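The values are calculated or read from the model by the stated rules, or taken from the named source; none is laboratory data. All figures in this text were calculated on a predicted structure; none of them were measured in a lab. Because the Cβ atoms are built from the backbone with ideal geometry, glycine has one as well, and the counts that use them run over all protein chains shown. Note: areas computed on protein heavy atoms with side chains; ligands, DNA, RNA excluded. Shrake-Rupley method; radii C 1.70, N 1.55, O 1.52, S 1.80 Å.
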Amino acid sequence: MPSVNALMYDTWSVISLWTAIAVYALAFVCYAVDLAKRSDESIRQKDRELVMAGAPGAAPADPTVQVPHTNNVMGRIATTLTWIAFLLHLAATVLRGIGAGRVPWSNMYEFAMTSTMLFTAVYLVVLFWKDLRYVGAFMTGLVTVLLGAASLPVIYVQITPLSDPLKSTWLVIHVFVASLATAFLALAFALSVLQLMQTRRERMVREDPDRAERKTLLRTIPDAEHLESLAYRVAIIGFILWTFTLIAGAIWAQDAWGRYWGFDTKEVWTFIIWVLYAGYIHARATRGWRGVRSAWLAIVGFAAVLFNFTIVNMFFDGLHAYSGLS
């Protein structure tokens with residue numbers, strides 16, 4: 001049984017976490033409103049283009065050109081709310097760790113708490129480098145759903161002592177790097193989904209410009225080639241971290257069980273994910289797999305990550321059965 005102090009810290013951790021979930025949900029709503037405003041802005045821009053096209057000597061407007069997004073008040077509010085949610089999320093994670101007296105990622109509930117916190121951290125840090133608020137609704141929505149599901153009674157577990165194989169420095173390194181890799185791969189996934197949507201719109205522009213103009217939201221988002229390039233660079237970072245995860249896991253397995261590889265379900269799925277992303281990077285770099293095929297590889301890779309994180313943890317037995325679920 002956990003001590004009274006541990007229970008107190010865990011209680012405050014849960015309160016902070018549910019508050020963070022509520023603020024994430026508000027941020028998602030604000031990002032969604034910002035996306036709606038992008039559509040309105042694009043429509044107004046289209047009206048101006050039609051007027052200009054009717055002027056003497058005016059050239060027809062190019063429907064593939066990105067429309068600047070200037071009415072971004074809701075986007076800024078959403079980003080502020082995301083920062084507040086992140087700080088609450090961070091507090092919940094730290095309180096859980098203090099109560100447990102160890103790093104807070106030894107079971108499925110704690111891993112979900114930490115990995116989704118890193119989802120948000122990566123997104124917010126990248127915002128200093130690149131304005132990606134057009135994926136803000138996706139990122140905050142994903143964190144809200146995953147974190148909310150992990151906080152439900154069916155997955156939530158109280159603080160418990162570490163099992164013997166987890167009493168290792170590799171718990172700190174291996175699992176944290178896996179969580180960070182997952183965060184980068186999540187961002188690459190979001191960009192790849194948008195890339196597919198933008199690719200479809202650009203094809204419609206070529207075939208039927210009038211029909212393409214119904215996709216007004218996408219006019220305020222970078223073109224498919226730019227989204228693909230950005231997703232590729234983010235995925236490379238995630239792949240490098242995932243490679244380290246695979247190597248560190250093998251070293252830890254040798255230390256804990258006396259072998260580097262044993263075809264445990266978790267080990268196999270970690271390797272499958274590595275192969276998928278290695279194929280994605282190789283195919284794009286050397287075989288010219290760009291566009292739709294490249295995006296689908298990134299999406300399938302992240303689907304495998306989610307499968308490994310949820311289904312494998314919950315329903316498959318093995319040496320890595322540390323979900324904490326009975």
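Let a ≥ b ≥ c be the square roots of the eigenvalues of the Cα gyration tensor of region 173-300; is it rounded (a/c under 1.5), or, if not, prolate (a/b larger than b/c) or oblate?
The shape class here is prolate.
In debye, nearest 20, what is the charge dipole magnitude of region 115-214 about its Cα centre with +1 on Lys and Arg Cβ and -1 on Asp and Glu Cβ, if you could check?
Around 60 debye, computed over region 115-214.
Within region 255-314, what whole-number % of the accessible surface is contributed by carbon and sulfur, with the 1.4 Å probe and all protein chains included in the calculation?
68
Compare the peptides 109-117, 80-88, 152-160 by average per-residue count of other Cβ atoms within 10 angstrom and give them in order, highest first.
109-117, 80-88, 152-160
Using 0.36 nm per residue, how much length does the chain from residue 76 to residue 311 gain when fully extended, once their Cα-Cα distance is taken away?
81.0 nm
In square angstrom, what is the accessible area per residue of region 63-198 with a 1.4 angstrom probe?
Ligands and nucleic acids excluded, the result is 38 Å² per residue.
How would you order 18-29, 271-282, 177-188 from highest to lowest mean count of nearby Cβ atoms within 10 Å?
Sorting 18-29, 271-282, 177-188 by mean packing, highest first, produces 177-188, 18-29, 271-282.
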